[in-house]
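Trainee: Have a look at the structure that comes next, please.
No lab work stands behind these numbers, since they all come straight from the coordinates. Since the model is a prediction, treat every value here as computed from it, not as a measurement. Glycine also receives a Cβ, built like all others from the backbone with ideal geometry; neighbour counts cover every protein chain displayed.
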Ligand code: GCU
């Protein structure tokens with residue numbers, strides 16, 4: 001008996017030991033980030049994840065926090081352990097504190113940190129930002145801190161307390177500070193970390209510069225106790241007169257009378273919000289519809305009993321009918337160009353209206369009527385200005401190439417980022433397409449399931465726009481493209497990237513190219529094509545290297561415009577890309593030097609030979 005029971009106990013112990021070992025292994029498999037999160041959650045009880053941001057921030061009662069911010073550069077990330085946000089000060093003579101914002105450098109906000117100080121040039125890590133805010137408390141007001149974007153992870157502290165965090169470098173977020181802001185001096189500290197994450201969006205590898213920091217505007221916003229948080233004022237799908245939307249109030253006085261006014265149309269629509277603060281909007285009017293030829297925007301006033309928001313909104317209908325794209329009941333050919341959020345003349349992240357104007361003027365000059373904002377939501381100035389200039393906009397999520405679709409939390413991150421993207425720009429009629437991914441591969445575990453689910457979510461959130469995902473895994477044999485992907489069954493447009501003439505040699509005359517399409521009834525959009533050229537490098541019969549020369553790039557474009565004549569259901573094309581841009585992986589010391597040279601314009605704003613091929617091609621295409 002004795003022996004048996006000892007054995008049992010030992011067995012049980014071994015079992016227990018095995019179980020513990022198994023669990024320990026499980027625990028140790030939990031990624032470090034989760035541990036850090038856990039540690040942060042435990043050490044900062046009550047921190048919250050960022051709130052969904054109110055929309056149309058620039059029309060709110062706001063104090064800009066842009067300008068110089070003091071910083072602590074923290075390459076090792078030790079600032080967490082030192083609890084930098086507590087801003088400890090030496091008390092006794094012998095005390096010492098190994099960090100301080102005082103006496104340290106400062107950086108401009110908005111702006112990436114990499115191009116502001118040489119020691120930050122290739123920084124992928126943590127920079128702590130501090131802003132002092134002198135504030136006078138007002139009764140019956142709520143106060144928020146709103147960020148246009150922080151790349152990539154942001155931990156935000158107010159008056160020494162962590163108020164929350166946000167993941168994702170390209171969408172807005174906010175925190176309410178009504179209960180913690182005080183009269184006089186307040187301190188806002190932001191830990192911005194642009195380290196790449198394996199389970200991030202994007203993941204570890206991408207072909208653009210990883211600009212870090214507080215890259216877009218920061219505002220302190222005052223609202224009434226109940227304010228108009230968000231709204232949707234857009235035409236119903238397939239209808240050029242019926243508006244179907246909603247208005248969402250946030251606060252304790254949820255049931256209110258609300259008016260939507262469009263003075264120019266003498267329209268004054270009255271509605272009521274329910275106990276959840278939600279009001280339906282449903283009215284009809286004769287609009288001058290927004291189009292590239294006539295980018296008409298109306299002043300729209302949304303007025304509740306406690307708040308008023310004014311916006312500029314256009315009304316248009318975009319839909320697919322058969323294998324064509326229709327804008328306001330007319331077939332439209334999308335004359336696109338890809339653009340990264342970078343000002344090449346500054347070799348820095350773009351964030352301002354001026355930066356947007358530079359890029360969009362070049363696109364207009366090339367006779368584009370559409371722009372693809374690659375590969376992440378760009379700043380709001382870019383979207384609003386494009387709309388004003390009559391450029392249709394494609395907005396995209398950074399679900400780019402190698403994404404860990406099966407990693408815990410990744411589908412949720414994709415969903416949240418999509419919601420943030422749609423929420424900010426839902427009322428921008430210029431945006432006609434939501435793109436949910438670029439060059440992901442169907443063999444990646446969980447990719448199809450995650451992206452199909454995301455596409456369904458997107459459609460339920462916004463049925464008024466087209467939805468797509470960009471593919472580049474088409475077959476190309478015997479001068480024949482074989483275009484297939486599971487996702488094509490769920491999207492409105494077949495969007496594909498092809499680099500024939502650059503990464504892939506031609507297999508025959510462009511004019512003889514054949515196409516096999518899995519979905520024969522959907523419009524096809526060439527979302528990327530092109531090749532590299534260093535401006536000024538020319539190639540004549542004597543020269544040995546054709547590559548990198550303007551003539552070689554020009555020839556690719558000439559051949560591609562012939563290829564386009566062979567594509568069934570072609571609804572548009574989009575060269576990769578408007579202007580050379582920075583990408584550290586492009587390392588040829590003479591021709592690239594850290595720049596992707598596929599631009600049609602050089603980083604100095606010089607037009608390459610291929611630019612003129614594209615401009616001519618677009619000028620020949622007349623949309624009615
Ligand atoms: C890809 C990708 C781009 C990239 C381009 C290139 O298709 O989508 O992000 O920059 O090719 O190779 O230049």
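Trainee: Principal axis extents for segment 204-360, Cα atoms only, whole Å, descending order, please.
Mentor: The Cα atoms of segment 204-360 stretch 49, 44, 32 Å along the principal axes, largest first.
Trainee: Continuing with this model, one more query. Compute the length gained on full extension between residue 102 and residue 312: take 0.36 nm times their separation in residues and subtract their Cα-Cα distance, giving the result in nm to one decimal. Display every interim value, and only then the final one.
Mentor: Values: separation 210, 0.36 × 210 = 75.60 nm, distance 4.26 nm.
Gain on stretching residue 102 to residue 312: 71.3 nm.
Trainee: Can you give the translational diffusion coefficient of segment 108-255 in µm²/s, computed by Stokes-Einstein from the Kirkwood radius over Cα pairs at 20 °C and 1.002 mPa s? Each step should come with its number before you reach the end.
Mentor: On the way: Rh = 17.6 Å.
In µm²/s, the coefficient is 122.
Trainee: If you rank 301, 471 by fewest surrounding Cβ atoms within 10 Å, what's the result?
Mentor: 301, 471
Trainee: How would 372, 428, 459 line up from fewest to most surrounding beta-carbon atoms within 10 angstrom?
Mentor: Details: 372 30, 428 21, 459 15.
Ascending Cβ contact count within 10 Å gives the list 459, 428, 372.
Trainee: Spin-label point model (7 Å from Cα, Cβ direction): what's the residue 587 to residue 615 distance in nm?
Mentor: Taking the two extended label points, one gets 3.7 nm.
Trainee: Spin-label point model (7 Å from Cα, Cβ direction): what's the residue 320 to residue 296 distance in nm?
Mentor: Between residue 320 and residue 296, the label points sit 2.9 nm apart.
Trainee: Considering the zone a paramagnetic label at residue 364 would reach in this model (a point 7 Å from Cα along the Cα-to-Cβ line), which residues of segment 593-624 have amide N under 16 Å from it?
Mentor: none
Trainee: Still on this structure: As a test of understanding, state the convex hull volume per residue of the chain from its alpha carbons, in Å³.
Mentor: Once divided by residue count, the hull of the chain is 222 Å³.
Trainee: Taking the Cβ of each residue in 112, 367, 95 as the centre, tally the other Cβ atoms inside 10 Å and list the residues starting with the fewest.
Mentor: Values: 112 25, 367 16, 95 9.
Ordered from fewest to most neighbouring Cβ atoms within 10 Å, 112, 367, 95 come out as 95, 367, 112.
Trainee: Using Cα pairs closer than 8 Å and at least 6 residues apart in sequence, work out the relative contact order for segment 472-624, in percent.
Mentor: Numbers: 278 pairs, mean separation 32.2, N = 153.
Rounded, it is 21 percent for segment 472-624.
Trainee: With an 8 Å cut-off on Cα pairs and a minimum separation of 6 or more residues, tell me the relative contact order of segment 415-527 in percent. Let's see the in-between values first.
Mentor: On the way: 156 pairs, mean separation 27.6, N = 113.
Over segment 415-527, the number comes to 24 percent.
Trainee: Calculate, in nm to one decimal, what residue 252 and residue 562 gain on full extension: separation in residues at 0.36 nm each, minus their alpha carbon distance.
Mentor: Values: separation 310, 0.36 × 310 = 111.60 nm, distance 6.14 nm.
Using 0.36 nm per residue and subtracting the Cα-Cα distance, I get 105.5 nm.
Trainee: When the helices in the chain are scored as -39500 (n - 2.57) per DSSP H run of 4 or longer and the sum is shared across all residues, what 222 nm value do you end up with, to the nearest 500 deg cm²/dmol? Spell out each step's value before the answer.
Mentor: Values: 9 runs with 123 residues, N = 624.
Using -39500 (n - 2.57) per qualifying helix, the result is -6500 deg cm²/dmol.
Trainee: Taking the highest mean first, how do the peptides 394-405, 577-588 order by number of other beta carbon atoms within 10 angstrom per residue?
Mentor: On the way: 394-405: 23.8, 577-588: 20.1.
Per-residue Cβ counts within 10 Å, averaged per peptide and sorted highest first, yield 394-405, 577-588.
Trainee: Give, as ranges by residue number, the residues of segment 116-141 whose backbone N falls under 13 Å from the point 7 Å along Cα→Cβ of residue 222.
Mentor: 134-141
Trainee: May I pose another question? Please tell me the relative contact order of the chain in percent, rounded to the nearest whole number, where contacts are Cα pairs under 8 Å and at least six residues apart. Don't skip to the end; give the middle numbers.
Mentor: Working: 1389 pairs, mean separation 66.1, N = 624.
Rounded, it is 11 percent for the chain.
Trainee: Shifting gears a bit: How would you rank 548-555, 200-207, 279-286, 211-218, highest first, on the average number of other Cβ atoms within 10 Å across their residues? It would help to have the intermediate numbers written out before the result.
Mentor: Working: 548-555: 21.0, 200-207: 18.8, 279-286: 15.2, 211-218: 26.2.
Highest mean packing first, the order is 211-218, 548-555, 200-207, 279-286.
Trainee: Sticking with this structure for a sec: Measuring from a point 7 Å past the Cα of residue 446 along Cα-to-C-beta, which residues in segment 153-169 have an amide N at less than 20 Å?
Mentor: Residues passing the 20 Å test: 167-169.
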